[in-house]
Amino acid sequence: MCGIMGYVGPQEAGPILVDGLKRLEYRGYDSAGVAVTNGSINVRKAQGKIANLEDMLEVEPLVGSIGIGHTRWATHGAPTDANAHPHTDPSGEFVVVHNGIIENFQSLREQLAADGSEFTSETDSEVLAHLVAREYDGDLVEAVRKAVALSDGAYAMVVMSKREPRKIVAVRKISPLVVGLGDGETFLASDIPAVLHHTRDFLIIEDDELVVVTEDGATVETIDGEPVDRDAIHVTWDAEQAEKGGYEHFMLKEINEQPAVVTETLAGRLDEDGTVWLEDVDFGDDYAAAIDRVWITACGTAYHAGLIGQEIFRRILRLPTNVEYAHELRYADPIVGPNELTIAISQSGETADTLAAARLAGDNGSRMLAITNVVGSTLSRYADDILYTRAGPEISVASTKAYMAMLIAQYLLALRIGAARGTVNAELAARVSHGLHQMPAALEEVLRREPEALAAAELIRSAEDVYFIGRGLDYAIAMEGSLKLKEISYLHSEAMPAGELKHGTLALITDGVPVVVMLTQRDVYDKTISAVQEVKARGGAVIAVAYDTDTEIDKYADLVLRIPDMEDLMAPVAAVIPLQLMAYHVARLRDNDIDQPRNLAKSVTVE
Ligand code: AGP
């Protein structure tokens with residue numbers, strides 16, 4: 001995600017801001033910028049690495065002791081100089097940096113444009129600078145409050161104005177924000193590591209709070225103006241721990257970010273009645289209605305997300321859907337053609353095989369829709385339609401939160417196509433919408449059950465082989481659980497449809513061999529239980545992932561990882577978390593390098 005920095009004090013702000021932004025580089029970004037007030041507001045910003053910004057500052061230095069800075073990870077608009085933050089209003093008197101998404105930015109932009117505002121970027125963030133300027137009537141805090149009231153979404157915004165030159169006003173609506181308290185100087189940042197070398201005393205700003213930062217400290221109030229008495233915390237973590245938000249590894253941090261990722265992926269895209277708005281999906285209802293077949297292509301975890309998409313599309317759209325590994329599809333003498341929609345899924349948008357398969361599909365007349373996490377990635381540039389997953393930068397090689405966002409994106413796409421084809425009725429659309437909106441809370445609940453996953457990890461940490469079984473959507477999740485386990489724990493594992501076990505693999509199930517069984521699909525529950533009995537009869541150790549209300553499984557399982565009851569169609573979203581946590585803990589118990597597993601790279605840009 002984007003990084004925020006702010007400084008008020010006696011020192012030159014520019015170098016402090018740039019230094020703080022560098023300390024946030026680990027979060028990933030594609031442009032950087034700073035603004036410093038000194039009579040007027042001066043902005044420097046550049047696409048690419050912070051080094052580009054530094055080169056610019058060397059030629060045109062900024063002078064002044066109050067400023068704000070930002071590293072942007074593009075969500076609205078490509079990573080260009082113009083789209084980089086900070087953004088000013090047309091008069092240049094107000095300047096804003098912003099993390100997160102303004103859901104209603106399009107309508108705000110249209111209103112402002114109708115009143116004569118001219119925009120210099122494609123971002124949602126620029127709207128905030130225009131709004132604050134429009135609402136300003138001698139009180140910056142009041143103007144910010146009014147702008148926030150008009151702006152829907154989950155975000156953090158930071159505002160500075162030459163009209164009130166010795167203060168920074170910031171608001172948190174979900175996206176993180178902290179204030180670092182120095183001696184005669186105050187820092188603002190999206191993350192503690194940015195300023196940990198300056199101070200260890202922090203005010204943590206909570207959701208729907210506004211903070212006014214001056215060199216004397218900070219005052220916190222609710223967005224409605226109620227004073228908040230916030231005690232400072234004293235941080236004892238080292239910088240590396242701080243980057244991981246206090247978690248031991250990025251993977252665990254990213255697993256725990258998943259509820260927020262679901263919120264972010266859905267933001268502004270899904271109404272209660274199931275109506276979907278996908279900003280970069282340009283095909284019309286006529287096209288959607290005429291699709292004969294969907295091809296989903298991807299590699300690794302993204303392929304497993306595609307397996308879920310295949311099930312969803314077949315089930316609720318009744319649309320023939322094939323999912324193919326990209327490295328297979330690219331050599332499968334063109335079987336993709338016109339009237340067929342190809343969906344290429346890739347977190348990085350740079351996986352060589354996925355790019356090749358997507359090109360092959362496009363060259364053969366198929367429309368190509370990219371589901372990717374990286375704005376401006378090669379895949380997104382090649383695609384006819386893009387669905388950005390908005391998971392934020394994923395640092396651990398083992399993909400977790402990006403996978404989660406890929407699942408959510410495909411539910412949205414299914415609703416969008418289903419509405420056009422008339423295969424998703426109003427009742428189903430509303431049910432899916434309700435399930436998705438409830439999902440962050442359900443995921444929080446699953447995350448609270450981490451000790452169950454740790455117990456499962458203890459059970460399998462010394463196993464030679466681990467098997468994962470399930471049917472339908474559960475099989476797709478079993479595939480992902482198995483991959484997660486093998487890539488970080490280095491245990492051999494295999495996933496298969498539960499019905500396939502007796503056709504060969506059962507020969508390998510002997511005393512104590514762990515079998516993880518997924519039991520979230522009620523229509524095939526009894527069938528899956530038959531497979532469980534086959535395992536038990538051979539002495540296998542059964543670890544089940546099951547709903548809270550499933551008491552039947554207690555008769556057979558050595559250990560049950562519980563998820564809250566929900567619609568089977570949506571259960572994969574929750575059911576993957578215990579598997580991620582179990583894999584994580586096995587790897588930890590085996591003392592492996594969790595974030596950088598051996599032999600693996602985050603992005604596979606070679607064939
Ligand atoms: C998953 O944990 C792996 N890192 C890997 O399977 C990954 O999903 C695959 O290489 C595809 O990457 P992409 O999503 O960036 O295309």
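The values are calculated or read from the model by the stated rules, or taken from the named source; none is laboratory data. Keep in mind the model is a prediction, meaning the values are calculated, not measured. Positions of Cβ are backbone-derived with ideal geometry, glycine not excepted, and every protein chain shown enters the neighbour counts. These area figures cover heavy atoms from the full protein model, side chains too; ligands, DNA and RNA do not enter into them. Shrake-Rupley method; radii C 1.70, N 1.55, O 1.52, S 1.80 Å.
Descriptive notes on the structure:
- The order of Arg390, Arg471 by accessible area, most exposed first and with a 1.4 Å probe, is Arg471, Arg390.
- The Cβ shell under 12 Å around Ala133 holds other residues with a net charge of -2, Lys and Arg each +1, Asp and Glu each -1.
- This model, with +1 at the C-beta of Lys and Arg and -1 at the C-beta of Asp and Glu, gives the stretch 35-117 a dipole about its Cα centre of some 180 debye.
- Set of lysines with alpha-carbon distance to Lys527 below 19 Å, sequence-local pairs under 8 removed: Lys502, Lys536, Lys555
- Selection from Tyr7, Gly64, Val424 lying farthest towards where the dipole of the chain points positive, charges on Cβ: Val424
- Over the chain, relative contact order from alpha-carbon pairs under 8 Å, at least 6 apart, %: 11
- When only alpha carbons are used to place a centre, the stretch 227-282 and the stretch 538-607 end up 21 Å from one another.
- FRET efficiency for Ser107 and Glu240, using Cβ-Cβ distance with R0 set to 60 Å, rounded to 0.05: 0.90
- Projected label points at His434 and Asp285, each 7 Å from Cα along the beta carbon direction, are separated by 2.5 nanometres.
- The peptide list 258-267, 577-586, 322-331, 423-432, put in order of mean Cβ contacts within 10 Å with the highest first, becomes 577-586, 258-267, 322-331, 423-432.
- Converting phi to 3J(HN,Hα) with the Karplus coefficients 6.51, -1.76 and 1.60 and the offset θ = phi - 60°, the stretch 469-475 yields 10, x, 10, x, 4, 5, 5 Hz in sequence order, with x at every glycine or proline.
- Formal net charge of residues neighbouring Asp591 (Cβ-Cβ distance under 14 Å; K, R +1; D, E -1): +1
- When only the Cβ of Lys, Arg, Asp and Glu is charged (+1, +1, -1, -1), the dipole of the chain relative to its Cα centre reaches about 1260 debye.
- Cα point-scatterer Debye curve for the stretch 3-243, base-10 log of I(q)/I(0) at q = 0.11, 0.16 Å⁻¹: -0.48, -1.10
- Environment charge at Leu252 (Cβ cut-off 12 Å; Lys +1, Arg +1, Asp -1, Glu -1): -1
- Sequence-distant residues sharing a close amide H with Thr321 (under 5 Å, placed H): Val294
- P(r) tail fraction, the stretch 496-547 - alpha-carbon pairs more than 13 Å apart, %: 53
- Evaluated over the stretch 449-589, the Cα radius of gyration and Dmax, each in Å: 13.2, 36
- Dipole axis of the chain (+1 Lys, Arg; -1 Asp, Glu on Cβ), positive-most option in Gly392, Ile50, Pro597: Pro597
- Out-of-range pairs (alpha-carbon distance over 22 Å; input Lys45/Lys253; Lys45/Lys244; Lys253/Lys602; Lys49/Lys602; Lys49/Lys253): Lys45/Lys253; Lys45/Lys244; Lys49/Lys253
- Rounded to the nearest whole angstrom, the semi-axes of the ellipsoid equivalent to the chain, taken from the Cα gyration tensor as √(5λ), stand at 44, 28, 22, largest first.
- Per residue, the convex hull volume that the Cα atoms of the stretch 272-314 enclose (Å³): 121
- Euclidean distance between Cα centres, the stretch 104-163 to the stretch 32-94, Å: 18
- Label separation (Lys602 vs Lys502): 4.6 nm, computed from points 7 Å beyond Cα along the C-beta direction.
- On a per residue basis, the convex hull of the C-alpha atoms belonging to the stretch 341-429 measures out at 95 Å³.
- Compactness check for the stretch 368-501: Cα Rg over 2.2 N^0.38 Å is 1.25.
- Relative to its residue count, the stretch 252-440 spans a Cα convex hull of 96 Å³ per residue.
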